[in-house]
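The values are calculated or read from the model by the stated rules, or taken from the named source; none is laboratory data. Worth saying up front: this structure is predicted, and the values here are computed from it rather than measured. No Cβ is skipped: glycine too gets one built from the backbone with ideal geometry, and neighbour counts run over all protein chains shown.
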Amino acid sequence: MTLSVFDAAAIKKAATSQLVFDTVRDALIDHAEGRTSVPPPLHLDFPDADGDCHVKAGWIAGATDFTVKIATGFYRNPALGLPANHGLVCVVSARTGQIRAILDDRGLLTAWRTAAAGALITHAMARSGAATLAVFGTGEQARLQAAWLAKLRPLSTVLVHGRNRHKAATLCDELNARGLAARPACAQEAAAADMIITTTPATVPVLDAAHVREGAHVTGIGTDMPHKNELPPALFHRARLIATDDHAQCLDHGDFGHAVRAGAAAQDSDIAAGLLLKAAADRPDTAITVADLTGVGALDAALASAVLGRLPR
């Protein structure tokens, strides 16, 4: 078998946002219903460089391939003129064990599946009339979350909160150029939006639970290692509905786990995100809902296989 290597440019040509949405949605449902094999992620932390790395693997029952993915985040890179995120995906035959392809995507597929998962679950759990979005963070994922959620529902306003005002203003300019009405906001104003998505590598919560209003939905996507923490335990205590993309992962190294260990949420108080994508839960308009997404290897496997099927061989 000849090993094929595809770069990010080829992957961009092969994939569409609809392909990513459909693949991620189906994979989350498969995972929720127990049709996946996902070992615990391997984590490496590089505090001197403000960097981290995860290695994730996954397989969906019956699929011809499984994947092993390396994803890195080195958060000082932008100051060096380098992207903060990088990585690649190794696609392996689940029938022979031979490596079929290397997707040298520079973290692109991880960014897409994260954006799709965040947008899908936010759209599914938010009130039907929710129209204001706040993003905490100013990087690639903040931009993607806003842009991809806008593909699923109309957004009247996008509030951007970041520690760096210049970066927040720059992101607002990018979103405005895409047709979204975006402006910078302080943490308290952002926390009062209809929908909130946190996209940071924070190690302490980025918003105050008391500032989140009744009826709001909050999705956290940045807490994917044990030392990170974006959402305060008090927010989970206020939540009527809590969703996790993977119960064990979120309990081990997600914001949900921080809340459980703080006594703010019961260990069995969450529901699988994929189940909410299959059938929406009853949601009173005054309820606060929360989703904790730590990233699931089965989604990487499904998306890599879907994209590989569209690449020239």
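Here are some notes:
- If you check Gly139, Gly179 for being under 21 Å from Ala116 (Cα atoms) and at pLDDT below 95, only one passes: Gly139.
- Some residue of region 164-181 being over 20 Å from Asp300 (Cβ atoms), hydrophobic (A, V, I, L, M, F, W, C), free of Cβ contacts under 8 Å to residues at least 24 places away in the same chain and crowded, with 19+ Cβ neighbours inside 10 Å: yes
- Scan of region 51-92 for residues that are surrounded by fewer than 21 Cβ atoms within 10 Å (Cβ to Cβ), among the charged types (D, E, K, R) and within 20 Å of the chain's Cα centre (by Cα), ordered by number: Asp52
- Among the residues of region 10-29, those that are surrounded by fewer than 20 Cβ atoms within 10 Å (Cβ to Cβ) and among the small types (Gly, Ala, Ser) comprise Ala10, Ala14, Ser17.
- Here Gln267 meets the list (1) under 22 Å from Ile29 (Cα atoms); (2) outside any loop (DSSP other than H, G, I, E, B) almost entirely, failing just condition (2).
- A residue that is under 23 Å from Ile29 (Cα atoms), touching a helix residue (DSSP H, G or I) at 6+ places or on another chain (Cβ under 9 Å) and assigned to a strand (DSSP E or B) cannot be found anywhere in region 78-88.
- Pairs linking a residue in region 283-295 that is outside the structural domain of Gly58 (by TED's automatic domain parsing) and in contact (Cβ under 8 Å) with a residue 24 or more places away in the chain to a residue that is surrounded by fewer than 21 Cβ atoms within 10 Å (Cβ to Cβ) and aromatic (Phe, Trp, Tyr), with Cβ atoms under 8 Å and 6 or more positions apart or on different chains, do not occur.
- In the set (1) under 19 Å from Ala266 (Cα atoms); (2) out of contact with any Asp or Glu (no Cβ under 9 Å at 6 or more places or on another chain); (3) not acidic (Asp, Glu), Ala210 fails one condition alone, (1).
- When Asp255, Asp208 are checked against the criterion of being among the charged types (D, E, K, R), in the same structural domain as Ala146 (by TED's automatic domain parsing) and buried (at least 24 other Cβ atoms within 10 Å of the Cβ), a single residue qualifies: Asp255.
- Of all the criteria given as (1) out of contact with any Ser or Thr (no Cβ under 6 Å at 6 or more places or on another chain); (2) part of a helix (DSSP H, G or I), the one not satisfied by Cys250 is (1).
- The set of residues in region 7-49 that are in contact with a helix residue (DSSP H, G or I) (Cβ under 9 Å, 6 or more places away or on another chain) and part of a loop (DSSP other than H, G, I, E, B) comprises Ala15, Glu33, Arg35, Val38, Pro39, Pro40, Pro41.
- Selection from region 6-50 of residues that are within 16 Å of the chain's Cα centre (by Cα) and among the aromatic types (Phe, Trp, Tyr): Phe21
- Sole exception among (1) surrounded by fewer than 21 Cβ atoms within 10 Å (Cβ to Cβ); (2) touching a Gly at 6+ places or on another chain (Cβ under 9 Å); (3) under 19 Å from Leu293 (Cβ atoms) for Ala147, by number: (2)
- Test: residue in region 93-110 that is without any contact (Cβ under 8 Å) to a residue 40 or more places away in the chain, crowded, with 20+ Cβ neighbours inside 10 Å and either in contact with a Lys or Arg (Cβ under 9 Å, 6 or more places away or on another chain) or not in a strand (DSSP E or B) (or both): yes
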